[in-house]
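Q: The structure is given below, and queries will be raised subsequently.
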Amino acid sequence: MIICKTPFRISYFGGGTDIPIWYQKNNGLTISTTINKYCLVVLRKNPDFIHHKYVVRYFKNEYHNKIDQIEHPVVKQVLKKYNKQRDGIEIVHFADLPGRSGLGSSSAFTVSMIHLINRYNNKIISKSELAKLSINMEQNILKEKVGSQDQYACSFGGFNSIKYSKNKKITVNRIKINNDKKKILRNNTLIFFTGFQRLAHDIEKSKIADMKNKYYYYNNIYSLAKEAKKILESNNKNFLNDIGNLLNESWLYKKELSNKVSNKNIDDLYDYGIKNGAIGGKLLGAGAGGFFMFLTKNKLDKRKLIYKLNRINHIPFDFDELGSQIIYKNID
């Protein structure tokens, strides 16, 4: 048995500038952190007496004798490409939080599958290679309309700026922020589950179709990410207000990327949060549902916001620093 644990992520700034069609012509930058909510995937070799060669368990159970019969697209394509031993195997997926909710869960699963199957092949790969292989799987093999942020965030872990260059080079750097300042940011960042799940692929597809008409908004999202990085790495002790203001600006620009990003329920939630303790906020991920993130400036406002939003689920979390890990391996 092999077990892989890969963190989910929250993205503060720059989402959208990690889409290849943007950063292949313009530079991109995202600022995100992984959190201690995880995707766990287990791979085990099936005993000879199991009647089906491939068993896949997620929100449904699949039993097949051929890889091409597998319905789960990521499992099917990863096994086709990397399962060199062709043994009968079982894949089981667990997650701390719902998928399709803006926390990078889809990429966390892809990263986990590629990490697992490479370790099953007795191959240890770097975090950078893991991210690149995951991007290739999602963007080129599965033809998904997704960006390149989540694969790097989930593979590397930590609080990072991720730069996307015109030459297709992607670099990951830790945000140079002291521990006290990072603790303040963590303690005042809150995420709430809206209760709505959505397909990021459909939303990103609508953005990409209209990207040539949205240069102004994408460029401003990129500029705000650069400004946020400067503030986070500065000696500014009152940085929360500045970051909150940038979050609000970024959210306004994000809503302009597609009419699928927001809706009346989400807009009302944002307005209610700002009136009840938040100094900034945004919807995480592609849009249309999932998790909403708010920023407060102190413990009092944090408690007030949690109390006022008690009709939806507040999810406490801590920052994760390690990224995707193989936490157990014992296969004969």
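The values are calculated or read from the model by the stated rules, or taken from the named source; none is laboratory data. Everything quoted here is computed from the prediction, not taken from an experiment. No Cβ is skipped: glycine too gets one built from the backbone with ideal geometry, and neighbour counts run over all protein chains shown. Please note that ligands, DNA and RNA were not included when accessible areas were found on the heavy atoms of the full protein model with its side chains. Shrake-Rupley method; radii C 1.70, N 1.55, O 1.52, S 1.80 Å.
Q: Do you know the relative contact order of the chain, to the nearest whole percent, from alpha carbon pairs under 8 angstrom that are 6+ apart?
A: On the way: 672 pairs, mean separation 87.4, N = 332.
Computed over the chain, the figure is 26 percent.
Q: Another question about this same structure. May I ask you to order 65-78, 3-16 by the average number of other C-beta atoms within 10 Å around their residues, highest value first? Mind dumping the intermediate values first?
A: Values: 65-78: 16.5, 3-16: 26.4.
Ranked from most to least packed, the peptides come out as 3-16, 65-78.
Q: At R0 = 56 Å, how high is the FRET efficiency between residue 128 and residue 307 if r is their beta carbon distance? Nearest 0.05 is fine. Each step should come with its number before you reach the end.
A: Details: r = 43 Å, r/R0 = 0.77.
Calculated transfer efficiency: 0.85.
Q: Same structure again: Hey, rough spin-label estimate for residue 63 and residue 182, points 7 angstrom out along Cα→Cβ, what's it come to in nanometres?
A: Taking the two extended label points, one gets 4.7 nm.
Q: Modelling each spin label as a point 7 Å along the Cα-to-Cβ direction, I'd like the residue 298/residue 84 distance in nm, to one decimal.
A: 6.0
Q: Can you tell me which of 90-103, 138-151, 158-171 comes out highest on packing, and rank the rest after it, using the mean Cβ neighbours within 10 Å?
A: Values: 90-103: 19.9, 138-151: 21.6, 158-171: 17.4.
Result, highest mean first: 138-151, 90-103, 158-171.
Q: Still on this structure: Given a 10 angstrom Cα cut-off, can you work out which residue in 48, 267, 301 is the most mobile in a GNM of the chain?
A: Greatest mean-square fluctuation among the candidates belongs to 48.
Q: In the chain, what percent of the accessible surface is made up of carbon and sulfur (1.4 Å probe, ligands and nucleic acids excluded)?
A: On the way: 7260 of 15300 Å².
Of the solvent-accessible surface of the chain, carbon and sulfur hold 47 percent.
Q: Starting from the 7 Å offset along Cα-to-Cβ, what nm value, one decimal, do you get for the label separation of residue 236 and residue 96?
A: For residue 236 paired with residue 96, the spin-label model returns 2.9 nm.
Q: Oh, and also: Is there a quick way to get the dipole size of region 182-332? I mean about its Cα centre, with the Cβ of Lys and Arg at +1 and of Asp and Glu at -1; what is the value in debye to the nearest 20?
A: Using Cβ point charges on Lys, Arg, Asp and Glu, region 182-332 gives about 380 debye.
Q: As I understand it, the dipole of the chain uses +1 on the Cβ of Lys and Arg and -1 on the Cβ of Asp and Glu, about the Cα centre. Which of 78, 121, 157 lies farthest toward its positive end?
A: Value computed over the given set: 157.
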